[in-house]
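The values are calculated or read from the model by the stated rules, or taken from the named source; none is laboratory data. Keep in mind that this is a model prediction, so the values were computed, not measured. Neighbour counts run over all protein chains shown; Cβ positions are idealised from the backbone, glycine included.
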Amino acid sequence: MAAFGTVFTAEMMLAEYSNNQWSEPALVPVNSISLHPGAHVLHYASTCFEGLKAFRHSDGSIHIFRMDKNVARLQQSSELLALPKVDAAMLRQMILDIVKRYAADVPNPPGSMYIRPTHIGTEASIGKAAAPSLSSLLYVLLSPVGDYFAGGAKPLRLLLEDNARCAPHMGMVKSGGNYASALQPIMKARAAVQADQVLFCPNGDVQETGAANFLLIDGNEIITKALDASFLHGVTRDSILTLARDRGMKVSERELTVDELLERAVKPGAEAALSGTAAVLTPVGTLIHNGQEYAVGGGVAGTTTASLRQALNDIQWGKAADTHGWLTKV
Ligand code: PLP
Ligand code: COI
């Protein structure tokens, strides 16, 4: 299978904002946009995006997972980047239209169709370093995908990094700049200790990795940072916490320090995992901090991560009842 996110459908849905209004969304060839080299997004990073998935059930029907959450997050990101306001009903319809058009291309489980709504500031004005773009493009890309992590569900190695992933007030924004600012630490961690990902822990506060949220599971308790502006409010995180509550687990959304994490993670029975649309729920096997390696669960893989991942997949794949109303049939 091709690397995650490298294959696209031939068309996308596109809407343009100018003169204070949105154009009628249209189906266009995927390579049909052109930008002025002075476009706001290319200089001042006025860009945000979303990642959600559509799944094929065994009867052939196609279902989008928690679309409203992702639409709301793109609206919020757009607002925090001072991009034009995104109309929720319009974006929902754009997503439904493009997924319906390419329904035949949605892979069977464990594959899925990754949906990438994207919003960029297009005004050609390099003087607007401290002013918003008054025009923008909103488009919805599709990419059939398999596993995000090449090793499948192989436990990951995480390097704990003492610096922040991005500016503290921007972490909850799914913006391109946040990903760019995390690249150097990630590349260094790969080269230095063969880490798969970096877990950003500014001032000892365990936040998230470059592309997923972080969860510590200790027996019947699941612990993860409480929502604040400094990190992305993952839809998968929310879904996993909901499924954990459903099965009677104690869910603790609170501050988790590096000291507490390293102390509890190594105990027998402890598990750690990354949650995200691309990552689903992937086990973490090793934490690396200050040159020392910590084997999660004493090196013994637990079963809770795999069972929560399965519970999530069962709903997404139509094998378990969608009791929370998370699926939208296209
Ligand atoms: N944190 C970051 C930085 C991400 O890129 C992602 C992926 O989307 C997440 C967390 C998880 O968010 P979600 O579960 O909504 O995909
Ligand atoms: C997602 O899980 O949707 C993400 O945005 C992660 C990504 C960078 C592939």
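Residues of segment 50-103 being hydroxyl-bearing (Ser, Thr, Tyr), out of contact with any Leu (no Cβ under 7 Å at 6 or more places or on another chain) and assigned to a loop (DSSP other than H, G, I, E, B), which ones? If you could, list the steps in order and put the result at the bottom.
Pass one, segment 50-103, residues hydroxyl-bearing (Ser, Thr, Tyr): 58, 61, 77-78, 102.
Still in the running and out of contact with any Leu (no Cβ under 7 Å at 6 or more places or on another chain): 58, 61, 77-78.
Result: SER58, SER61.
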For this session: Report yes if some residue within segment 306-316 is within 16 Å of GLY234 (Cβ to Cβ), assigned by the TED database to the domain that holds SER239 and among the charged types (D, E, K, R); otherwise report no.
Result: yes
Exercise. Looking at GLY325, is it outside the structural domain of THR242 (by the TED database), exposed (fewer than 12 other Cβ atoms within 10 Å of the Cβ) and more than 14 Å from PRO268 (Cα to Cα)?
Worked result: yes
Problem set entry | Matching residues, segment 102-142, being under 30 Å from ILE62 (Cβ atoms) and free of Cβ contacts under 8 Å to residues at least 40 places away in the same chain | ALA104
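Examine segment 23-34 for a residue that is closer than 14 Å to SER136 by Cα, out of contact with any strand residue (DSSP E or B) (no Cβ under 8 Å at 6 or more places or on another chain) and outside any strand (DSSP E or B), and state whether such a residue exists. Spell out the reasoning first.
First, pick out the residues of segment 23-34 that are closer than 14 Å to SER136 by Cα: 23-25, 33-34.
Subset that is out of contact with any strand residue (DSSP E or B) (no Cβ under 8 Å at 6 or more places or on another chain): 34.
Pick out the ones that are also outside any strand (DSSP E or B) and you get 34.
Among the residues of segment 23-34, at least one is closer than 14 Å to SER136 by Cα, out of contact with any strand residue (DSSP E or B) (no Cβ under 8 Å at 6 or more places or on another chain) and outside any strand (DSSP E or B), which makes the answer yes.
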For this session: Would you check which residues across segment 38-70 are touching a residue at least 40 places away in the same chain (Cβ under 8 Å) and closer than 25 Å to ALA131 by Cα and list them?
Result: GLY38, ALA39, HIS40, VAL41, HIS43, TYR44, ALA45, SER46, THR47, CYS48, PHE49, GLU50
Exercise. Can VAL300 be described as modelled with pLDDT under 95 and of a type in the set (A, V, I, L, M, F, W, C)?
Worked result: yes
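Going residue by residue through segment 252-261, is there one that turns out to be charged (D, E, K, R), free of Cβ contacts under 8 Å to residues at least 40 places away in the same chain and not in a helix (DSSP H, G or I)? Break it down into steps so the answer makes sense when it comes.
So in segment 252-261, the residues charged (D, E, K, R) come out as 253-255, 259-260.
In the following step, the residues that additionally are free of Cβ contacts under 8 Å to residues at least 40 places away in the same chain were identified as 253-254, 260.
Pick out the ones that are also not in a helix (DSSP H, G or I) and you get 253-254.
Yes - at least one qualifying residue is present in segment 252-261.
Go through ASP238, ASP228 for me and flag whichever is within 16 Å of ligand 2 (Cβ to nearest atom) and either of a type in the set (D, E, K, R) or modelled with pLDDT of 95 or more (or both). Steps first, please.
Numbers: ASP228 fails: within 16 Å of ligand 2 (Cβ to nearest atom).
One residue alone meets the criteria, ASP238.
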